[in-house]
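The block underneath contains the structure these notes are about, expressed in structure tokens.
The values are calculated or read from the model by the stated rules, or taken from the named source; none is laboratory data. Owing to the predicted nature of the structure, the values given are computational and were not obtained by experimental measurement. FYI the Cβ positions are ideal-geometry reconstructions off the backbone, even for glycines, and counts take in every protein chain you see.
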Amino acid sequence: MNEDERGNWYLLTGVVLGIMLGILFAWVISPVEYVDTAPESLKDEFKDQYRVLIASAYVANGDLVRAKARLELLDEADIYLVVAEQAQQMLAEGGSVEEAQALGRLALSLGQEIPQPKITATAE
Amino acid sequence: MKQAPILFHNSQMPLALLRCLWQNTNAMTRRVRFIIAILIGVALGLLFGWVINPIEYTQTAPNTLRVDYQTDYVLMIAEAFHTDGDMALAVHRLAVLGDKSPEGRVLQAIIFAEQAGYTDADLDMMRNLSDELQIIQNVVETPEP
């Protein structure tokens, strides 16, 4: 068969084959390595450890601003709720009492910062 | 002296190469064109796999944290140690930061903290942890008579 009669579709085949090889290399053989990650990307169990550490440090220094800044690195919607839940869960599962207490103290301090709705007396 | 012909102007190179690949405008063999097509595909695949849609790691461990986060992690351990004095717990917590020895981890954090301008109080706490780790290390290394 003449070269021209066979058409140029082999080029498309080559490109597709190349893309497959390229993706195989990029995703499997040599994927992008993350070595400079942020705390928000941590696995859940490590996030739990991170929170315990934040709470333990808070108990030591009493710096709520710093504790909040650290908790915000974990990128969670409601940091108070997450810390309070972890404290309860830790106690329920028989974890370290000291760590649960530290989490509880932090949760309490965070909870006091949440603005309470104002109750105003109305004249009858 | 015979001058080599200028095939393509630089800016038109990719377009001209594609035209050359698709049409039989020069003596390039079918096999060579096929190999070039594969190479273009590989480049596109790498671009997609490394830049456009790289694998995202969302389940990372503390040892992959950026150095400033690792330093803060060490500081938190030092702060907690300052209160509870639990060396075993501090060593256990430092272990998640990687294979390096606990002393090495703390020293690395101190070096970064000094460069980054951490407060003296923070530096002191990390130095205290480092000193305590050093004492334990010396005790472990000292052979019994």
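Can you find a residue that is free of Cβ contacts under 8 Å to residues at least 24 places away in the same chain, among the small types (Gly, Ala, Ser) and exposed (fewer than 13 other Cβ atoms within 10 Å of the Cβ) anywhere in the stretch A:1-16?
yes
For B:VAL67, are the conditions met, namely being touching a helix residue (DSSP H, G or I) at 6+ places or on another chain (Cβ under 6 Å) and farther than 16 Å from B:ILE135 by Cα?
Spelling it out, B:VAL67 is indeed touching a helix residue (DSSP H, G or I) at 6+ places or on another chain (Cβ under 6 Å) and farther than 16 Å from B:ILE135 by Cα.
Taking A:TYR58 as the residue in question, decide whether it is in contact (Cβ under 8 Å) with a residue 40 or more places away in the chain and in a helix (DSSP H, G or I).
So A:TYR58 passes the test.
Being within 7 Å of another protein chain (Cβ to nearest Cβ), surrounded by fewer than 17 Cβ atoms within 10 Å (Cβ to Cβ), more than 30 Å from B:ILE38 (Cβ to Cβ) and not hydroxyl-bearing (Ser, Thr, Tyr) narrows it down to one residue among A:ASP63, A:ASP36, A:ASP44; which is it?
Details: A:ASP63 fails: within 7 Å of another protein chain (Cβ to nearest Cβ); A:ASP44 fails: within 7 Å of another protein chain (Cβ to nearest Cβ).
So the residue among A:ASP63, A:ASP36, A:ASP44 that is within 7 Å of another protein chain (Cβ to nearest Cβ), surrounded by fewer than 17 Cβ atoms within 10 Å (Cβ to Cβ), more than 30 Å from B:ILE38 (Cβ to Cβ) and not hydroxyl-bearing (Ser, Thr, Tyr) is A:ASP36.
If you go through the stretch B:48-98, how many residues are basic (Lys, Arg) and at pLDDT 95 or above? Show your work before the answer.
Filtering the stretch B:48-98 for residues basic (Lys, Arg) gives B:66, B:93.
Checking which are at pLDDT 95 or above leaves us with none.
Residues in the stretch B:48-98 being basic (Lys, Arg) and at pLDDT 95 or above: 0 in total.
Report, by residue number, each residue of the stretch B:54-90 that is of a type in the set (A, V, I, L, M), touching a residue at least 24 places away in the same chain (Cβ under 8 Å) and surrounded by fewer than 18 Cβ atoms within 10 Å (Cβ to Cβ).
Listed by number, the residues that qualify are B:ALA61, B:VAL67, B:MET87.
For the stretch B:73-88, what are the residues that are facing chain A (nearest Cβ under 8 Å), over 9 Å from A:ALA57 (Cα atoms) and either β-branched (Val, Ile, Thr) or in contact with a strand residue (DSSP E or B) (Cβ under 9 Å, 6 or more places away or on another chain) (or both)?
B:TYR73, the sole residue that qualifies.
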